Structure formats: structure tokens, C-alpha cells
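Derivation of every value follows stated rules applied to the coordinates shown; laboratory data play no part. These figures come from a predicted structure and were not determined experimentally.
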Amino acid sequence: MSLLEDLNWRHACKAYDPTKKIQKEDLEQILEAARLAPSSSGLQPFKLIVVEDQNLKDQIAPSAFNPECARECSHILVFAAWDRYTEERIDTMYNFTTDERDLPRGRFESYTDMLKKMYLQEAAESNFAHIARQTYIALGLALAQAAELKIDSTPAEGFDNAAVDQVLGLEAMGLKSVSLMYIGYADKERDWLAPMKKVRWPREEFILEM
């Protein structure tokens, strides 16, 4: 199937079959799609946390707008952004980049100096907001990869971020949760959205050509 056919197939699953688990090789493809996502300046300023443990899913569920999905899905993917940019984080990523490309460290120093001047003086709130936006690119690619594999998914912002951060100990890692992605296989009898027509604005309403 083409990407467009896959995207037409997918919907936000509203009920999962808790007896059906995703195969490891399929899960790895979804994670790899997220890992390969582009990010601003190539910094990849976030982590992807894979929650399979039922006890952790049960702890996350009360903070979620759709707790049944959190409990019953095969895995919860948590997109967690850096709490802010730091000099060390920028240097660590660019040292890794130059090492991987067999370039001398400091090869991009003028660029990283610009990034530090731009980001480190920002207020924490706006700094984090820029970082958090990077996670949505990875979320979109993970959703598309899941659709290609015919794995049901639900992107979710409707949850108590502070509660999820506490359950997973994210503050100690310098991270904050941004979004969740439930993945698994739909319970076809309870997934009320599945039989409904997919609705998006028509092209003439959505696309502005200039």
C-alpha cells in the first residue's frame, strides 16, 4: 500500500484488545521511524520512552483522558523533551555527530556557538516550547509507520503531564513528557470510531495556493 492509503486506513483507536501484543520486530520499526525523524539543528532534543510493563501502564492510566486505552494497549510510547537546552547537551550531540562523520571535534563550533547564544539566554518556558515542538515530527512518523504495519494507534495530549513525569521519574533525567502514543490492536467491538467515515477538510478548503 502507498503512504496515502496507509494514512486513509488509520484512525485514532478508541479501544484496544489487551490480549494482543505487538511483535518485537514491528515495534522496532515504529521506534526506528521516530528515531530517524528530523529535528531542529539535528539536536534530537527528546527521548522516546517505551512502556510495556502493565504496572506502569496502570499507574499512567488515571492521569489520561482515555484511561482504558492506556491500560489495554500493547505499549505506550512517551515522547519526552529535554527540559531545556544546555551547553553540555548541544556539545554532546555535536561531538557525537563529528565523531560519527570522522570529522574533528569543533568542526561546527561557530554554529554551536550561535545555537548557545540563541537558546541559553531564552526564558525556560519558551526554550522548552521550542524543544517540545520537535517531538511532534517524530510522533507523526511513528504514526505513519504503525499504519503501514496495520498496527492501531492513538496520539494523545490529553493527560496530566506532571503525573506521567512522576510515574516515570522523568524530572531526574531532565525530561518532560509532551505526548503519548498508544499502540496495539483494536478491540473491534468497542472501537466505536473504526466504522465511521474519515473526515478531513476537502483539498479546496485545506490547501491555499499562492
Legend entry - Gyration tensor (alpha-carbon) shape descriptor, region 153-210, a/c threshold 1.5: oblate
Legend entry - Hz values of 3J(HN,Hα) by residue in region 12-17 - Karplus curve (6.51, -1.76, 1.60), Gly and Pro given as x: 7, 4, 9, 7, 10, 8
Inset, instruction - Could you let me know the centre-to-centre spacing of region 21-39 and region 152-166, using Cα atoms, in angstrom? - result: 19
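Run the numbers on the chain and let me know its relative contact order in percent, using alpha-carbon pairs under 8 Å that are six or more apart.
37
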Legend entry - region 24-31 - phi-based ³J(HN,Hα) in whole Hz, Karplus 6.51/-1.76/1.60, Gly and Pro as x: 4, 5, 6, 4, 4, 5, 5, 5
Inset, instruction - Find how much the distance from residue 97 to residue 122 grows on full extension, using 0.36 nm per residue of separation minus their present alpha carbon separation; answer in nm with one decimal. - result: 6.5 nm
Inset, instruction - List, in order, the whole-Hz ³J(HN,Hα) value for each residue of region 95-107 obtained from phi through the Karplus relation with A = 6.51, B = -1.76, C = 1.60 and θ = phi - 60°; use x for Gly and Pro. - result: 5, 4, 5, 5, 4, 5, 9, 6, 10, x, 4, x, 4
Inset, instruction - Over every pair of different alpha-carbon atoms in the chain, take the mean of 1/r and invert it; report that Kirkwood radius in Å. - result: 18.7
Legend entry - Out-of-range pairs (alpha-carbon distance over 22 Å; input 24/198; 14/57; 150/198; 14/47): 24/198; 14/47
Inset, instruction - Calculate I(q)/I(0) for region 107-186 by the Debye formula, one identical point scatterer on each C-alpha and no solvent, and give its log10 at q = 0.12, 0.16, 0.20, 0.21 Å⁻¹ to two decimals. - result: -0.52, -0.80, -1.00, -1.04
